[in-house]
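The values are calculated or read from the model by the stated rules, or taken from the named source; none is laboratory data. From a predicted model like this one, the values you see are computed outputs, not experimental measurements. Note that each Cβ is placed from the backbone with ideal geometry, even for glycine, and that neighbours are counted across all protein chains shown. The accessibility values were calculated without ligands, DNA or RNA, using every heavy atom of the protein model including side chains. Shrake-Rupley method; radii C 1.70, N 1.55, O 1.52, S 1.80 Å.
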Amino acid sequence: MQFERGWGGGIGSRLLIINDGSTDRTLEILEKCKLNRPLLEIIDKANSGHGATLIHGYKYALEHGAEYIFQTDSDGQTLPEEFWKFWQLRDEYDAILGNRSVRGDGESRKFVENTLRFILRIIFGVKVPDANAPFRLMSRAILGKYLAKIPENFNLPNVMLTTYFAYFSENVKFLEITFRPRQGGKNFINVRRIVKIGLRAVRDFLILRRELKRDD
């Protein structure tokens, strides 16, 4: 996760990497990297899952004065160099979100994403090209506005942020990105876990939809 803070004051960007309870040498390698990379910030925490870790990172960035927050996963599926086309659009949009029309991680993952988009359309009435792409640049204003609506233990915060942006017609751009097969780490997601996550997600979506209706 990268965030920009105090841009006008010349402080510049910070690269935040969250070690979510990994059992390999991730933390050791990160600490060595930090010796000659003063803009690298590391959070080492007990495993709490992808969703809770994202929320933790987003809150950290906002609490530390970030003006822009860029998020991507660390498994090598996205290309860091594609960040710059997002950054160039930061003054035109409140958020620029990745769109994975071609997925290198298999048809099964594409099917899951399409099912997720269908569920969002049924429950929230929103139509988005990609709900959960882990490659997104968001302004402080738009992230802070909607992050507060998401429970701390929510499993799919990026999905819900995308949904809120679409539901409230925010000034958001979807931009095509490269999405490769997983390059590193272990994938612990299987069919059983996908079904379990999906059922939990539908339940959580219905709860948040009722809250939206109350707000309306």
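Residue count for segment 12-23 satisfying the condition of being open to solvent by less than 80 Å² (accessible area, probe 1.4 Å) and either among the hydroxyl-bearing types (Ser, Thr, Tyr) or assigned to a helix (DSSP H, G or I) (or both): 2. Which residue is nearest to ASP75 (Cα to Cα), if the candidates are limited to segment 182-206 and must be at pLDDT 80 or above and open to solvent by less than 70 Å² (accessible area, probe 1.4 Å)? Filtering segment 182-206 for residues that are at pLDDT 80 or above and open to solvent by less than 70 Å² (accessible area, probe 1.4 Å), the one nearest to ASP75 (Cα to Cα) comes out as ALA201.
ARG192 passes every criterion in (1) assigned to a helix (DSSP H, G or I); (2) closer than 23 Å to TYR58 by Cβ apart from (2). If you take the residues of segment 24-49 that are polar (S, T, N, Q) and farther than 18 Å from ARG14 by Cα, which of them is surrounded by the fewest Cβ atoms within 10 Å (Cβ to Cβ)? Looking at residues that are polar (S, T, N, Q) and farther than 18 Å from ARG14 by Cα, I get ASN47. All of (1) within 19 Å of MET1 (Cβ to Cβ); (2) aliphatic (A, V, I, L, M); (3) without any contact (Cβ under 8 Å) to a residue 40 or more places away in the chain hold for ALA133 with one exception: (3).
Within segment 89-105, the residues that satisfy the criterion of being hydrophobic (A, V, I, L, M, F, W, C) and open to solvent by less than 30 Å² (accessible area, probe 1.4 Å) are ALA95, ILE96, LEU97.
Inside segment 134-143, residues that are under 14 Å from PHE168 (Cβ atoms) and open to solvent by 10 Å² or more (accessible area, probe 1.4 Å) make up a count of 1.
I'd like to check something: does segment 106-119 contain any residue that is of a type in the set (Val, Ile, Thr), loosely packed, with under 13 Cβ neighbours inside 10 Å and free of Cβ contacts under 8 Å to residues at least 12 places away in the same chain? No; the residues of segment 106-119 include none that is of a type in the set (Val, Ile, Thr), loosely packed, with under 13 Cβ neighbours inside 10 Å and free of Cβ contacts under 8 Å to residues at least 12 places away in the same chain. Within segment 50-84, the residues that satisfy the criterion of being open to solvent by 30 Å² or more (accessible area, probe 1.4 Å) and aromatic (Phe, Trp, Tyr) are TYR60, TYR68, TRP84. Inspection of segment 124-133 finds a residue satisfying the criterion of being buried (at least 17 other Cβ atoms within 10 Å of the Cβ) and either farther than 24 Å from ARG200 by Cα or of a type in the set (Gly, Ala, Ser) (or both).
This table checks each residue for (1) among the aliphatic types (A, V, I, L, M); (2) under 17 Å from the mean Cα position of the chain (by Cα).
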{"residue": "GLY57", "(1), (2)": "no, yes"}
{"residue": "GLU67", "(1), (2)": "no, yes"}
{"residue": "GLY76", "(1), (2)": "no, yes"}
{"residue": "ALA95", "(1), (2)": "yes, yes"}
{"residue": "SER108", "(1), (2)": "no, no"}
